[in-house]
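Peer 1: Got a structure for you, written out below as structure tokens; questions coming shortly.
The values are calculated or read from the model by the stated rules, or taken from the named source; none is laboratory data. Given the structure is predicted, the values throughout are model-derived calculations rather than measurements. So basically every Cβ, Gly included, is an ideal-geometry build from the backbone, and we count neighbours across all protein chains shown. With ligands, DNA and RNA removed, areas are computed over all heavy atoms of the protein, side chains included. Shrake-Rupley method; radii C 1.70, N 1.55, O 1.52, S 1.80 Å.
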Amino acid sequence: MQKALASNTVQVLVGDNRQVLRQIEPGIVQCCVTSPPYWGLRDYDHVDQIGAESSPEAYVSNLVMVFQGVRRALRDNGTLWLNVGDGYARNGGTGRSGPNALVGNTKKLLQQRNCKVPNCWGLKDRDLMGLPWRVAFALQEDGWLLRSKITWIKKAPMPESVKNRPSNATEDIFLFAKNPSYYYDNQAAREASGANLRNYWILGPDSSSVPHPAVFPRELARRCILLGSQPGDVILDPFSGSGTTGVVAARSNRRAILVELNPVYARQSRLRINQDLQLTMIP
């Protein structure tokens, strides 16, 4: 019964989201909460992965295409909550972010593919590329209504040994709406004082043994889901990864559709979601 509950509550679809999203019935999703792979940072070991494009321009273009499919699946009053990371343009060397990042928990280093400053946007060596806003502006131009930028302040950011700029400790979360009239429940998540939630969220990492290189906090997903949907609604994540959005959606009495390119991560997500639901049902 518990396994059946998990499968009925959360669907994990395997494949390229640019194709899989076309198979989802239009207008059934209330809220999309997602974090796509950051450009040039990690290798997810799949030929069709987003984030390994030869240029950041192609990366932005691919994301616009993905979110066209998301917009089709959304209800007219639906919202998109998008977490996107930035990176630095570099000529050679290694770092913690950007097209030549050194990431120890991947099988390959994308720096072997993208080790030169991209020839676009006037980028120079060591330039911060501004990818979150470039994605946001591209989606805005494609028809999305950009409503808010939330700063995620990390309690335990990745340490950096840089000596010529402040260490990075934040990421951006954008709230987009399909139409000017959209569902948003400002009572569902409030400040500790009871005030309206502000546009900066101080969140720590989850303690987790999930075998995935990029897991965002469950509290981040929880806030987006509560603000953007009601119990029983369908939540979508086209970049499922470790399945966090599905776990939180199920715990919040929502249903979820997750799309994952890598079948290994998809299996891990299903296992994690089933285990979480079983634990939730135990008194």
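Peer 1: Among the residues that make up region 16-38, is at least one of them in the same structural domain as VAL135 (by the TED database), surrounded by fewer than 16 Cβ atoms within 10 Å (Cβ to Cβ) and at pLDDT below 90?
Peer 2: Looking through region 16-38, none of the residues is in the same structural domain as VAL135 (by the TED database), surrounded by fewer than 16 Cβ atoms within 10 Å (Cβ to Cβ) and at pLDDT below 90.
Peer 1: Taking region 119-141 as the region of interest, how many residues are open to solvent by less than 50 Å² (accessible area, probe 1.4 Å) and of a type outside the set (Gly, Ala, Ser)?
Peer 2: Summing the residues that are open to solvent by less than 50 Å² (accessible area, probe 1.4 Å) and of a type outside the set (Gly, Ala, Ser) in region 119-141 gives 8.
Peer 1: Which members of region 225-245 meet the condition of being farther than 24 Å from TYR38 by Cβ and surrounded by 24 or more Cβ atoms within 10 Å (Cβ to Cβ)?
Peer 2: The answer is SER229, and nothing else.
Peer 1: In region 147-183, how many are surrounded by fewer than 16 Cβ atoms within 10 Å (Cβ to Cβ) and either closer than 15 Å to TRP81 by Cα or touching an Asp or Glu at 6+ places or on another chain (Cβ under 7 Å) (or both)?
Peer 2: The total comes to 6.
Peer 1: Could you tell me whether VAL248 is among the β-branched types (Val, Ile, Thr), open to solvent by less than 60 Å² (accessible area, probe 1.4 Å) and assigned to a helix (DSSP H, G or I)?
Peer 2: Yes; evaluated as a whole, the condition is true for this residue.
Peer 1: Now for a separate question. Go through region 119-151 and give me each residue that's free of Cβ contacts under 8 Å to residues at least 12 places away in the same chain and acidic (Asp, Glu).
Peer 2: Of everything in region 119-151, just one residue is free of Cβ contacts under 8 Å to residues at least 12 places away in the same chain and acidic (Asp, Glu), namely GLU141.
Peer 1: Here is a list: ALA58, ALA73, ALA101. Which entry is modelled with pLDDT of 90 or more and farther than 30 Å from GLN275 by Cβ?
Peer 2: That would be ALA58, the only listed residue that is modelled with pLDDT of 90 or more and farther than 30 Å from GLN275 by Cβ.
Peer 1: Filter region 65-89 down to the residues that are closer than 17 Å to ARG134 by Cα and either small (Gly, Ala, Ser) or under 14 Å from the mean Cα position of the chain (by Cα) (or both) and list them by number.
Peer 2: Listed by number, the residues that qualify are VAL66, PHE67, LEU80, TRP81, LEU82, ASN83, VAL84, GLY85, ASP86, GLY87, ALA89.
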